[in-house]
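Written out below as structure tokens is the structure these notes cover.
Each reported figure results from applying straightforward, stated rules to the coordinates on display, with no laboratory input. As the structure is a prediction and not an experimental result, all values here were calculated from the model. With ideal geometry, Cβ positions are generated from the backbone for all residues, glycine too; neighbour counts draw on all protein chains shown.
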Amino acid sequence: MLPKIATPKYDMIVPSTGEKVTYRPYLIKEEKILMMALESQEEKQIEQAILDMLKSCVDMKMKSEDLTTFDVEYMFLKLRAVSVGETATILPPCESCEKPGSVTVNLNEVEVQGLKKFKNEMQVKLSDELTVDMHYPKMGDAIKAETGTDTIIGTVSKCIDMIYYGEDTYNTKDSSDAEVQEFVENLNSNQFKAISEVLEDTPYVGETVKWTCKDCGHKHSQELRGLTAFFI
């Protein structure tokens, strides 16, 4: 019988919940599935492959589908750092001459931006009588979402936890998805905008890098934002 290769364990904190979880590097069999998804260039297939990888590599209480979009981005960067290497080299185009540059990023230094601000804005007052409690957009919902206007309405609907209307309180868990969506569709434009603006300001993984173009000498200060920015 061939030996089983031991894999090291690491700890990290889930940004949205503060939960301490244990994780291991991803293996060749898991990386193969991710590479196949990347080759497909299908966004939802790539997102699902990353979720499946987190499910296999991270020991956590919550389901991977319930992780926020920025949880997934942050946790995947941590997995990538211990599995492939702590640094990633990207080739962003120069703003001046448009020739590719070269920037090396330490993935362990990348943090979630805007987390504190977003936590303080999760209760939205829509009128003197109407207030809603919301939660972070979940990755599982993003994968299932369709495109177009229905995506925005559907995302808003899925992010509402509680509705306070006058002296009455409603938990959306006690209602169907269709009922919650109907509630959202009956908001006026200003109320819907107030909720949408909160979700548009969702936290993200980001890092500001500085580099000088070797061809024209133009100096850059550029924020890398979102998972794909670290692997372009």
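Summary table
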quantity: Spatially proximal lysines relative to Lys125 (Cα-Cα < 17 Å; intrachain offsets below 8 disregarded); calculated: Lys117, Lys193
quantity: Over 21 Å (Cα to Cα) - which of Lys99/Lys214; Lys44/Lys99; Lys20/Lys55; Lys20/Lys63; Lys20/Lys78; Lys44/Lys210 fall in this group; calculated: Lys44/Lys99; Lys44/Lys210
quantity: Per-residue HN-Hα couplings for segment 172-183 [Karplus 6.51, -1.76, 1.60; θ = phi - 60°; Hz; x = Gly/Pro]; calculated: 5, 5, 8, 10, 7, 4, 5, 5, 5, 5, 5, 4
quantity: Built amide H within the under 5 Å cut-off of Thr68, gap 5+; calculated: Met139
quantity: Ranking of Phe231, Phe183 by count of other Cβ atoms within 10 Å, fewest first; calculated: Phe231, Phe183
quantity: Residues whose placed amide H lies under 5 Å from that of Gln113, excluding near-sequence neighbours; calculated: Tyr204, Val205, Gly206
quantity: Segment 122-200, dipole about Cα centre (Lys/Arg Cβ +1, Asp/Glu Cβ -1), debye to the nearest 20; calculated: 320
quantity: Among Ser16, Ser157, Ser221, residue whose mean-square fluctuation peaks in a GNM of the chain (springs only between Cα atoms under 10 Å); calculated: Ser221
quantity: The chain - charge dipole about Cα centre, Lys and Arg +1 at Cβ, Asp and Glu -1, debye rounded to 20; calculated: 1360
quantity: Alpha-carbon gyration tensor eigenvalues x 5, square-rooted, for segment 23-67, Å; calculated: 19, 14, 5
quantity: Against the rule of thumb 2.2 N^0.38 Å, how large the Cα Rg of segment 122-200 comes out; calculated: 1.03
quantity: Zero-based 10 Å bins, Cα pair distances in the chain, whole percents; calculated: 7, 26, 30, 22, 11, 3, 0, 0
quantity: Ascending count of other beta-carbon atoms within 10 Å, so fewest first, for Lys158, Lys9; calculated: Lys9, Lys158
quantity: Local electrostatic count, Ala37, Cβ distance below 15 Å [Lys/Arg +1, Asp/Glu -1]; calculated: -2
quantity: Cβ-based exposure ranking for Thr151, Thr17, in which fewest neighbours within 10 Å come first; calculated: Thr151, Thr17
quantity: Per-residue HN-Hα couplings for segment 98-107 [Karplus 6.51, -1.76, 1.60; θ = phi - 60°; Hz; x = Gly/Pro]; calculated: 6, 7, x, x, 8, 10, 9, 10, 7, 5
quantity: Highest-fluctuation residue, Cys94, Cys216, Cys159 considered, GNM on the chain with Cα pairs under 10 Å; calculated: Cys216
quantity: Sequence-separation-based contact order of the chain, relative, with Cα cut under 8 Å and 6+ spacing, percent; calculated: 19
quantity: Per-residue ³J(HN,Hα) for segment 41-58, Karplus 6.51 cos²θ - 1.76 cosθ + 1.60, θ = phi - 60°, Hz, x for Gly and Pro; calculated: 6, 8, 4, 5, 5, 5, 4, 5, 5, 5, 4, 4, 5, 5, 4, 7, 9, 10
